[in-house]
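Below: the structure, in structure tokens.
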Amino acid sequence: ENISENYENIKKVLSQISNFNSTNFFMCNDLKATSLILGIQNASATYPCPMCEVYDLGVSHNPYLVHTQRTISSIGKNATDFKISNSRRSEAKNFFSCVELPLIPGNPDIKISDIIVPPELHIMQGVVKHMYDNMCKEWSGATEWLNLLGLEPQKYHSGTFLGNHCHSMLQNVDKLRRISPLHILKYVAVFDHFSKVVHSTFGMTLREGYEDEINKFTVAFMDLGISVTLKVHMVLAHVSPFCRKFGALGWYSEQATESAHSDFKKNTWEKHNLQRPIGHLDYSQMLLNAVIVHNSTRV
Ligand SMILES: [Zn+2]
């Protein structure tokens, strides 16, 4: 349905979960939903990271600085101070970009990095596109790599690569190497290292040497001299600590919730003839019926 993804709407949904407080959970969302749930501003904020208070993303980022880890209570306190101060949202940087109380319960001192999973699909798509776009700026022949893989470059002037297409690019860095001019070899190196990071941490098996691979990717990425985005920062700063504690990212992938949207719509809402337009007298009952049918066959 055409309902916007915002703090108030997510609050309504989460407030209906009665056993939320007594359940151990991980949140496996894209970064936009995660920021809304935590009550912090989005990826373009001064302090955009849901997990830490990093403030220097961009071209002058130092990946070796250690930043304060966010907790439920630190976000809550900053958001409360922000509200008391009556500041405009543009001034939220004075409160570590916290603007609302977090919508998740639990121990207030728990680190956000212990309940929020780095979203592997969106991170892979974002990092691959960011590196590819910057490579295109330095080399007009970059589209030839996509042609060799059977991908249509014109489709990707804007928007992200599909997950499968990212995998195809990362598995075929050799083809890029064969056609690269000398000044693009730094991109070949960074794609190669990112491919190894994905292989060793983004699947279902955490492979030996993954921390080394992330360290090598960090060096190669910083060598490009391009901006460090929030998704790149997630790889540099948060994938290693998460994997060390909880294992490979594939177990917590947000792909399941991403595909649940279309699965519910196509295979339950429409297929079982339960769909009604918003405002219809039977809308609520039919929606409840559909959720029961859907969840009963997918637990
Ligand atoms: Zn961070």
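Every read-out reported here was derived from the displayed coordinates using simple, explicitly stated rules and does not represent laboratory data. This structure is a prediction, so every number in the text was calculated from the model and none was measured. In this analysis, Cβ positions are derived from the backbone assuming ideal geometry, glycine residues included, and neighbour counts consider all displayed protein chains.
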Working from Cα positions, state the angle (0 to 90°, nearest 10) between the long axis of helix 72-85 and the longest principal axis of the chain. 80
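Between residue 12 and residue 219, what is 0.36 nm times their sequence separation minus the Cα-Cα distance? Round to one decimal in nm. Can you show the working numbers first?
Numbers: separation 207, 0.36 × 207 = 74.52 nm, distance 4.35 nm.
That works out to 70.2 nm of additional length.
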Links that overshoot a 18 Å alpha carbon limit, given the list 77/111; 175/196; 93/129: 93/129
Let me see the P(r) profile for the chain: every Cα-Cα distance counted, bins of 10 Å, each bin given as a percent of all pairs. 6, 24, 30, 24, 14, 3, 0
With point charges of +1 on the Cβ of Lys and Arg and -1 on the Cβ of Asp and Glu, referenced to the Cα centre of the chain, which listed residue (49, 297, 210) lies farthest in the positive direction of the dipole? 297
What base-10 log of the normalised intensity I(q)/I(0) is obtained for the range 7-114 from the Debye formula, alpha carbons as equal point scatterers, at q = 0.11, 0.13, 0.24 Å⁻¹? -0.34, -0.48, -1.45
Tilt of helix 185-201 relative to the longest C-alpha principal axis of the chain, in degrees (0 to 90, nearest 10)? 40
Helix 255-264: inclination vs the chain longest Cα principal axis, degrees, rounded to 10, gives 50
